[in-house]
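Read through the structure below, which is laid out as structure tokens, and then see the notes.
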């Protein structure tokens, strides 16, 4: 494992009827991620042509922290309610600079 910062990208589509609940639960997930060891910063982007598609970008101190948070996500108190607003995950992965 490396000590380089790791970027986690998740691209997903929310359910058309879930926008209000999504915004609420998404904020709760962000708050929980921010408390996880190794968290550096978070950014969320909404697709300009399809408002149901989002990309979440999380920067972690290193691969160890990124993978630990990825595994722990399902146990976050807000994760189940958040995932209920998601129609599908389009892509999920971890990256680092060369």
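The values are calculated or read from the model by the stated rules, or taken from the named source; none is laboratory data. Just so we're clear, the structure is a prediction, and the values are computed from it rather than from any experiment. Cβ: placed from backbone, ideal geometry, glycine included. Neighbour counts: every protein chain shown.
Below are the figures for this structure:
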read-out: Single residue of the range 42-65 satisfying the filter (under 18 Å from residue 31 (Cβ atoms) and in contact (Cβ under 8 Å) with a residue 24 or more places away in the chain) that is farthest from the chain's Cα centre (by Cα); value: 65
read-out: Matching entry among 6, 10 (being in contact with a helix residue (DSSP H, G or I) (Cβ under 6 Å, 6 or more places away or on another chain) and in contact (Cβ under 8 Å) with a residue 60 or more places away in the chain); value: 6
read-out: Count of the range 8-25 residues which are in contact with a strand residue (DSSP E or B) (Cβ under 7 Å, 6 or more places away or on another chain) and surrounded by fewer than 17 Cβ atoms within 10 Å (Cβ to Cβ); value: 3
read-out: Qualifying residue in the range 42-49 (condition: at pLDDT 95 or above and out of contact with any strand residue (DSSP E or B) (no Cβ under 9 Å at 6 or more places or on another chain)); value: yes
read-out: Selection count where residues are farther than 21 Å from residue 90 by Cβ and assigned to a loop (DSSP other than H, G, I, E, B), scope the range 1-21; value: 5
read-out: Qualifying residue in the range 78-93 (condition: in contact (Cβ under 8 Å) with a residue 24 or more places away in the chain, exposed (fewer than 11 other Cβ atoms within 10 Å of the Cβ) and under 19 Å from residue 4 (Cα atoms)); value: yes
read-out: Positions within the range 50-76 being outside any helix (DSSP H, G or I), modelled with pLDDT of 95 or more and under 12 Å from residue 33 (Cα atoms), in sequence order; value: 56, 57, 58, 59, 60
read-out: Qualifying residue in the range 22-30 (condition: at pLDDT 95 or above, in a helix (DSSP H, G or I) and closer than 19 Å to residue 67 by Cα); value: yes
